[in-house]
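Notes for the one structure printed next.
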Amino acid sequence: MEIFWYIIIAVIMAVFFILDGYDFGAGIIHLFMAKKEEDKLVIAKSAGLFWDANEVWFVVAGGLLFMAFPTYYSIVFSGFYLPLMIILWLMIFRAIGLEFRNQFRYQMWKDIWDKAFGISSLLLALFFGVGLGNVVRGVNIGGVENGVSLYENSYFFLPLWNPEFSPLNNHPGIFDWFTIIIGVISVLTIAIHGANWIIYKTNSTINEKLKTTIVRLNIALLILTLFSLNFWRNLHNSFFDNFWDNWFLLLFPIIFFTGIIGTFFVKKFKKSGHGFMFSTMVILGGITSTLASLFPIIMPSRNNVNDDLTIYNMAAENYELTTALSWGIVGVILMTTYLIVRLRLTRGKIDDMEYGH
Amino acid sequence: MEDIIFYDRLQFAFTITFHYIFPQLTMGLSLLIVFFKWKFLRTSTEKYNNAAKFLMKIFAINFTMGVITGIPMEFQFGTNWAKFSELTGGIIGQTLAMEGLFSFFLESSFLALFIFGEKLMGQKLHFLTGFLVFLGSWASGYLILATNSWMQHPVGFEILENGKYVLSNFSALFSNPWLLPSFLHNQMASLVTSSFVVASIGAFYVLREKHLEYGKLLLKTGVIFGLIASLLVAFPTGDWNAKNVAKYQPAAFAAMEGIFETEHAGAEIVLVGQPNMREKKLDNKLAVPNILSFLTYQDWGKQIKGMDKFAEDELPDNIPALYYSYHIMVGLGTIFIGIMFLAAFLLWRKKLFTFKPVLWAIMLLAPFPYIANITGWYTAELGRQPYLVYGYLKTADGVSPTVSSGNTLFTLMGFIGIYLLLGLLFLLLVGKTIHEGPNNKSH
Ligand code: HDD
Ligand code: HEM
Ligand code: HEM
């Protein structure tokens, strides 16, 4: 049961990053590349039409996490209190940026909300990556100080950073150079994804230029990924064990690297949607590989006093998990059907669709 | 410890109050939009369709605000009330996750179709998407209230040795005797809000003699729905809720009615008075004997327990706020019925559109249902104190163990700043939409 819900939630999270990832990415591209009003408008539109329908996947992942792993939800949300609150504020700014930019005609108003949309997209991509980096690195569970836990159960609390900025410190902070690298990886991935989305969905004038950008970002992405994987080995020496024990899990890293390699050929693609397909593989493969490497741990402990948090010691009771199955499956099927129908209905370029009032 | 809960409570109260400004309009307005759309299907009169689309513009802005202020609510269960979430998450997680999965999904998915898809879909399907938005928003209310009802009157659970609350009966969450009265009252109250807002926009147009055709339509619809909803809010739903409180939360009942001392026989109903906590009595009291006993139990002489009958730590910790909240809600409810009766009477005599004082009153009354709704919630939430899960889990035991009050204060200030900005933007945009009016086709 735990595994079942774990997979469902992971898939929903991954779908969220694929769907809202393109909104975030479009925001980042918008911030750095869009200069003409027509481009700005069409990029905002490519992100803005369905951002709230995409955010459903986020709310649902959160809700299901609460239901299936309440202890984890409580510990992690209170432990990452500050960055989560900042993520919330950024999400607010991004949403109003998208919704409100076309409400008034004058340029200054649009500029303000364009910047709000772009900057908050960039920071959100960074924060999500940093969050993932924290899960990989692990935290000081129980707040252990000289071999004694300060907090009950398995609670912890992280400051934003520690003075050394080092992931190897016993009292890690949210930001250290490792988590920031993961954050940058996330920004790069999402920016590429967003650029592919713009190429796929719009006829903006910067499409050709974007392809060059994508290749450059992709080089940086590859280098940083290899570097972080190398360091990852130092953090967990059991890092590859799951893959050796279950060969089929290797599928996930293969998807990831296929995506990266495919992206290098972005200029050669005949169909504008192919690039988007490859960056989807990068996101999907990246998230699944990370989770597969850690499984069944969902928050490693950085001390040897308290145990890792795993899906087994964090889950709700069996009756609760089974009951939730009855409505959960119906809901997930509905959401997926709607998503497929929506994607089919809105195939093709979006330049001509109505947006704003 | 005391300090920590204080800021957590303040933050929750502030963010939920702000959040609840929006859903109450969403839920009622979606019903009115479906109504206009239905009228259009029946009569093919273009003005109903335009009215529906005009209200949908306001709805969309309001909905966005509801979503972006709602997501922080869900987070806060984990961030600020970690102990509570850990202990009861297997239970309230069910209804909260269902809310995201079904309601938010329905609303946000079909809202986009309603707004952008009229030409694509044809009128029947367009009506259907509107209806699904309505269904989603009411389902949202239902599932959220199922969550809240469990906190007010927990059912269908067991407590394990490690202190965890686990679900033992899923369907009990929905047959909870607290849920139905609370849901119906809440939905009627949100219909009051939206009818008053619609009537107020109508009155504004009529008074300014702009968009007159729509002004009259909105005014008329708002008044009719407003009258019906105002009546239903008080009776039977409000009355039904009061009986539930008396039955399941007698200490809260005594505090909200302001009964400091138990009387020998029938209890009086307090109309006016200020709680004096030092001397434990009401100052300037104006009361009618025996009525409360009759209203609650249909028995003039039945005794009702006063606050003297409860231990200090069983009583809500902020009795004056609870008392005032309750009396403001009921007082406003009475005023709403009065005004809407008058307006409906004038409408019937065909004098409403020219009778300025009443038009002004209706126009200016729009903020008050919001106050009634919020004070109603304060009654429920302050009355639940000192418990988080009534009778079982104290509020002080539900807070996050690792988050310091300084951090909470910091984020509280952040929320205040951002919400202030959101509030201003919201008013600006709704004001602009109202100013442009229903006829506005172009930009
Ligand atoms: C327009 C708003 C509005 C109006 C006019 C009224 N109410 Fe109300 N009331 C609410 C809006 C509301 C609410 C905000 O929607 C509440 C909070 C919880 C709930 O389910 O509904 C509520 C709760 C609520 C409760 C439960 C409190 C608790 O849970 O402890 C009672 C006993 C009443 N109401 C009684 C009344 C009566 C007798 C009214 C007579 C006029 C009345 N309300 C008018
Ligand atoms: C229906 C779903 C709701 C749920 C599940 C809910 C849950 C909670 C929780 C967990 C707390 C914090 C713990 C506590 O102080 O008891 C709280 C407090 C509070 N809530 Fe609600 N709430 C809901 C609706 C509302 C609404 C709509 C309002 C007002 C508009 C409201 C007003 C308050 C206030 C004022 C407090 C602080 C009370 C105090 O600490 O003294 N609540 N609620
Ligand atoms: C009386 C109490 C409440 C009612 C009736 C209510 C109803 C609604 C409705 C109708 C929406 C749709 C958006 C909108 O209409 O503006 C919404 C949004 C939202 N609400 Fe509330 N809400 C209440 C309190 C809460 C509480 C306590 C939480 C905390 C868990 C919460 C979480 C959310 C979330 C996450 C959203 C955005 C996604 C969604 O629509 O589900 N709400 N709420």
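What the table below lists for this structure:
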| read-out | value |
| --- | --- |
| Test result for B:I228, surrounded by 22 or more Cβ atoms within 10 Å (Cβ to Cβ), more than 16 Å from ligand 3 (Cβ to nearest atom), among the β-branched types (V, I, T) and more than 30 Å from B:P386 (Cα to Cα) | no |
| Residue match in the range B:10-17 (condition: out of contact with any Ser or Thr (no Cβ under 9 Å at 6 or more places or on another chain), more than 14 Å from ligand 3 (Cβ to nearest atom) and farther than 17 Å from B:T193 by Cα) | no |
| Among (1) farther than 30 Å from A:M314 by Cα; (2) within 16 Å of ligand 1 (Cβ to nearest atom); (3) open to solvent by less than 20 Å² (accessible area, probe 1.4 Å) - the single one B:P23 does not satisfy | (3) |
| Residues (more than 7 Å from chain B (Cβ to nearest Cβ), hydroxyl-bearing (S, T, Y) and under 24 Å from the mean Cα position of the chain (by Cα)) located in the range A:325-341 | A:T336, A:T337 |
| Subset of the range A:25-44 [in a helix (DSSP H, G or I), over 22 Å from A:F127 (Cα atoms) and open to solvent by 20 Å² or more (accessible area, probe 1.4 Å)] | A:E37, A:E38, A:K40, A:L41 |
| All positions within the range B:179-210 that are over 17 Å from B:F36 (Cα atoms) and either modelled with pLDDT under 90 or away from ligand 1 (no atom under 16 Å from the Cβ) (or both) | B:A203, B:F204, B:Y205, B:V206, B:L207, B:R208, B:E209, B:K210 |
| Failed item, numbered, when A:G259 is tested on (1) within 14 Å of chain B (Cβ to nearest Cβ); (2) of a type outside the set (S, T, Y); (3) open to solvent by less than 20 Å² (accessible area, probe 1.4 Å) | (1) |
| Failed item in (1) open to solvent by less than 10 Å² (accessible area, probe 1.4 Å); (2) out of contact with any Phe, Trp or Tyr (no Cβ under 8 Å at 6 or more places or on another chain), with B:N80 passing the rest | (2) |
| Any chance B:K39 is open to solvent by 30 Å² or more (accessible area, probe 1.4 Å), at the interface with chain A (Cβ under 9 Å from one of its Cβ atoms), more than 16 Å from ligand 1 (Cβ to nearest atom) and part of a helix (DSSP H, G or I) | no |
| Residue in the range B:11-18 that is in contact (Cβ under 8 Å) with a residue 40 or more places away in the chain, of a type in the set (F, W, Y) and away from chain A (no Cβ under 12 Å) present | yes |
| Flag if B:S140 is closer than 30 Å to A:N318 by Cα and either open to solvent by 10 Å² or more (accessible area, probe 1.4 Å) or within 10 Å of ligand 3 (Cβ to nearest atom) (or both) | yes |
| Criterion: within 13 Å of another protein chain (Cβ to nearest Cβ) and either touching a Leu at 6+ places or on another chain (Cβ under 6 Å) or modelled with pLDDT under 85 (or both) - qualifying residue of B:L125, B:L96, B:L87, B:L132 | B:L132 |
| Some residue of the range B:61-75 being charged (D, E, K, R), closer than 30 Å to B:I92 by Cβ and either within 16 Å of ligand 2 (Cβ to nearest atom) or more than 14 Å from chain A (Cβ to nearest Cβ) (or both) | yes |
| Sole exception among (1) within 16 Å of ligand 2 (Cβ to nearest atom); (2) more than 18 Å from the chain's Cα centre (by Cα); (3) open to solvent by less than 30 Å² (accessible area, probe 1.4 Å) for B:G130, by number | (1) |
| Selected residue (criterion: nearest to ligand 1 (Cβ to nearest atom)) from residues of the range B:106-126 that are open to solvent by 10 Å² or more (accessible area, probe 1.4 Å) and closer than 26 Å to A:L325 by Cα | B:E107 |
| Set A:D114, A:D52, A:D39: member being of a type in the set (D, E) and out of contact with any helix residue (DSSP H, G or I) (no Cβ under 8 Å at 6 or more places or on another chain) | A:D39 |
| Cross-chain or 6+ apart pairs with Cβ under 7 Å, the range A:190-219 first and among the acidic types (D, E), then surrounded by 24 or more Cβ atoms within 10 Å (Cβ to Cβ) | none |
| Residues of the range B:263-309 satisfying the condition of being open to solvent by less than 40 Å² (accessible area, probe 1.4 Å) and part of a loop (DSSP other than H, G, I, E, B) | B:A267, B:I304, B:G306 |
| Filter result (more than 8 Å from chain A (Cβ to nearest Cβ) and surrounded by fewer than 17 Cβ atoms within 10 Å (Cβ to Cβ)) within the range B:411-426 | B:M413, B:I416, B:G417, B:L420, B:L421, B:G423, B:L424 |
| Qualifying residue in the range A:82-104 (condition: open to solvent by 10 Å² or more (accessible area, probe 1.4 Å), more than 9 Å from every other protein chain (Cβ to nearest Cβ) and basic (K, R)) | no |
| Selection status of A:Y151, over 25 Å from the mean Cα position of the chain (by Cα), under 18 Å from B:G78 (Cα atoms) and either touching a residue at least 60 places away in the same chain (Cβ under 8 Å) or in a loop (DSSP other than H, G, I, E, B) (or both) | yes |
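The values are calculated or read from the model by the stated rules, or taken from the named source; none is laboratory data. Keep in mind that what you see is a predicted model, and the values were worked out from it rather than measured. Every residue, glycine among them, receives a Cβ derived from its backbone with ideal geometry; neighbour counts consider all protein chains shown. To get the accessible areas, we keep the full protein, side chains included, count just its heavy atoms, and leave off ligands, DNA and RNA. Shrake-Rupley method; radii C 1.70, N 1.55, O 1.52, S 1.80 Å.
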